[in-house]
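Written below as structure tokens is the structure these notes are about.
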Amino acid sequence: MYKIKWELITLTLVFLLIFFSSSALAKDDAGRVLAVKNKALIQRENNKLRAKAKEDILMQDTAFTMKASKLKLRFNDDSILTLGESSKVVIKEYVYNKGKGGKSVFNLLDGRMRSVVGKTKFEIHTPTAVAAARGTIILTEVGMIAGRLFTVFICLEGEIIVTSSDSGISDSRLLKPGMMITVFEKEPLPEPVQLSSKISQPSFEPSHASAEAAKPLFESAAKLESIKTATEMDYLEPPLSTPEVIRESPLKTSIDKTRREPPIEQQPGARICDLKINK
């Protein structure tokens, strides 16, 4: 009789342990890998895992891509992140309850990323700035010029509020579709610039220029085309549950087609180009 009781107690404890362990894991489950080009890794605590399609993504994971590689992630709230080559992002915070919304915070440490914002309050943190958005498509780049860190945010759809990561700078800037801002470390926030439809692409590379000399590059639509191409993947992204189509754009784009991306093309050199987000 006592033996049966102890067996029942043991089984109950095992069941409870499995239940709570599964609940804790489900709580940390943020999304999954949609597609990988070449080599990308997921760092989970002290382990580095090869990123594969349908692989789970957990809160606190760090995803990064190698050279000539790309990675596309989809999260439970329908947010989609696409990393270009040599990029690194941390899933810093992710809380989502279906029907109730939530909050997602992604820390882009380096490289380029395209974000299609889903149903959560969405933030991108970088070494120099923070972008807060909802129902938006954002292009982001983090890099360094002449030893100084910078962040580029480009708004393709919706609105973005940008603040500095420097606690001593309290200003904020609002970006609407077709607007871009470049935030250098330890500098006040500049005014956003409106991208023009025709631009002259600079013939120099940012890495070979001083920060001051390179600024015209960040004030031209060439930067948008560069980040856009770097984060394209041959994958048809499912539409958001409540897509918001912005039909009036200074870039003369068809935002409702941005999720069907064309094949990756080699970036041309110095040229005059007619900028179009979708071809």
Scan of region 37-55 for residues that are assigned to a loop (DSSP other than H, G, I, E, B) and either surrounded by fewer than 19 Cβ atoms within 10 Å (Cβ to Cβ) or charged (D, E, K, R) (or both), ordered by number: 38, 39, 45, 46, 52, 53, 54, 55
Of (1) within 29 Å of residue 191 (Cβ to Cβ); (2) in a loop (DSSP other than H, G, I, E, B); (3) at pLDDT 95 or above, residue 124 satisfies every one except (2)
Among the numbered criteria (1) surrounded by fewer than 16 Cβ atoms within 10 Å (Cβ to Cβ); (2) modelled with pLDDT of 65 or more; (3) closer than 22 Å to residue 83 by Cβ, which single criterion is violated by residue 175? (1)
Between a residue in region 94-110 that is within 16 Å of residue 135 (Cβ to Cβ) and any residue that is charged (D, E, K, R), which pairs come within a Cβ distance under 6 Å, given they are 6 or more apart or on different chains? 96/77; 101/119; 103/121
Return the residues of region 56-114 that are among the basic types (Lys, Arg), crowded, with 18+ Cβ neighbours inside 10 Å and closer than 21 Å to residue 226 by Cα; say none if nothing qualifies. 70, 72, 88, 112, 114
In region 143-165, the residues that are of a type in the set (A, V, I, L, M) and either free of Cβ contacts under 8 Å to residues at least 24 places away in the same chain or under 10 Å from residue 184 (Cα atoms) (or both): 144, 145, 149, 152
Which listed residue, of 37, 52, is of a type in the set (Lys, Arg), in contact (Cβ under 8 Å) with a residue 40 or more places away in the chain and over 17 Å from residue 107 (Cα atoms): 37
So how many residues does region 111-121 have that are in contact (Cβ under 8 Å) with a residue 40 or more places away in the chain and assigned to a strand (DSSP E or B)? 5
Positions within region 166-178 being part of a loop (DSSP other than H, G, I, E, B) and without any contact (Cβ under 8 Å) to a residue 40 or more places away in the chain, in sequence order: 166, 167, 168, 169, 170, 171, 176
Criterion (of a type outside the set (A, V, I, L, M, F, W, C) and within 14 Å of the chain's Cα centre (by Cα)) met by exactly one of 87, 69: 87
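Condition check ((1) part of a strand (DSSP E or B); (2) in contact with a Lys or Arg (Cβ under 7 Å, 6 or more places away or on another chain); (3) modelled with pLDDT of 95 or more; (4) of a type in the set (Val, Ile, Thr)) across all residues:
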| position | (1), (2), (3), (4) |
| --- | --- |
| 7 | no, no, no, no |
| 12 | no, no, no, yes |
| 18 | no, no, no, yes |
| 30 | yes, no, no, no |
| 35 | yes, yes, yes, no |
| 71 | yes, no, yes, no |
| 99 | no, no, no, no |
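The values are calculated or read from the model by the stated rules, or taken from the named source; none is laboratory data. Please read all numbers here as calculations on a predicted model, not as lab measurements. Methodologically, a virtual Cβ is constructed for each residue, glycine included, from the backbone with ideal geometry; neighbour enumeration extends over all protein chains shown.
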